[in-house]
1. Name, by its number, the condition in (1) charged (D, E, K, R); (2) assigned to a strand (DSSP E or B); (3) within 14 Å of the chain's Cα centre (by Cα) that does not hold for E38.
2. Only one of (1) at pLDDT 95 or above; (2) exposed (fewer than 14 other Cβ atoms within 10 Å of the Cβ); (3) not charged (D, E, K, R) fails for L66. Which number is that?
3. Only residues in the stretch 46-58 that are closer than 13 Å to R23 by Cα count as the first member; pair them with residues that are open to solvent by 80 Å² or more (accessible area, probe 1.4 Å) and not in a loop (DSSP other than H, G, I, E, B), Cβ under 7 angstrom, at least 6 apart or cross-chain, and list the lot.
4. Under the condition of being of a type in the set (A, V, I, L, M, F, W, C) and open to solvent by 80 Å² or more (accessible area, probe 1.4 Å), which residue from the stretch 1-19 is nearest to F56 (Cα to Cα)?
Amino acid sequence: MRGRVEIVQVRVSDIQDGDIVNRRGAQRDGWIEVAQLEQLPGGDFVVHDEKGSDSFTAQPLDVVWLQVLAPLTRNSHLVVPD
């Protein structure tokens, strides 16, 4: 299946393992695949990537950018009527 990547904003507390997120906005670089979302005793979260090299800490209501894959039902170069 081919898909179109859409960027949406979600709260850190709503992140799930396997999500592709960016804490710096909808930029070309800075995206990580979430391997684990860890909640600290104080309530903050640590978002871990698989290697642990791009992990970051955030508060539950902080916003991150999430890639969502929407299916492409037709060829991308053809005009689709509304």
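1. (3)
2. Failing condition for L66: (2).
3. Short answer, once both residue conditions are applied: V46/T57; H48/Q36; D49/E33.
4. So in the stretch 1-19, the residues of a type in the set (A, V, I, L, M, F, W, C) come out as 1, 5, 7-8, 10, 12, 15.
Next, from what is left, pick out any that are open to solvent by 80 Å² or more (accessible area, probe 1.4 Å): 1, 5.
Values: M1: 32, V5: 23 Å.
Here the answer is V5.
The values are calculated or read from the model by the stated rules, or taken from the named source; none is laboratory data. Keep in mind that what you see is a predicted model, and the values were worked out from it rather than measured. As a convention, Cβ positions derive from the backbone with ideal geometry for all residues, glycine included, and neighbour counts pool all protein chains shown. Surface areas here come from the heavy atoms of the whole protein model, side chains and all, with no ligands, DNA or RNA. Shrake-Rupley method; radii C 1.70, N 1.55, O 1.52, S 1.80 Å.
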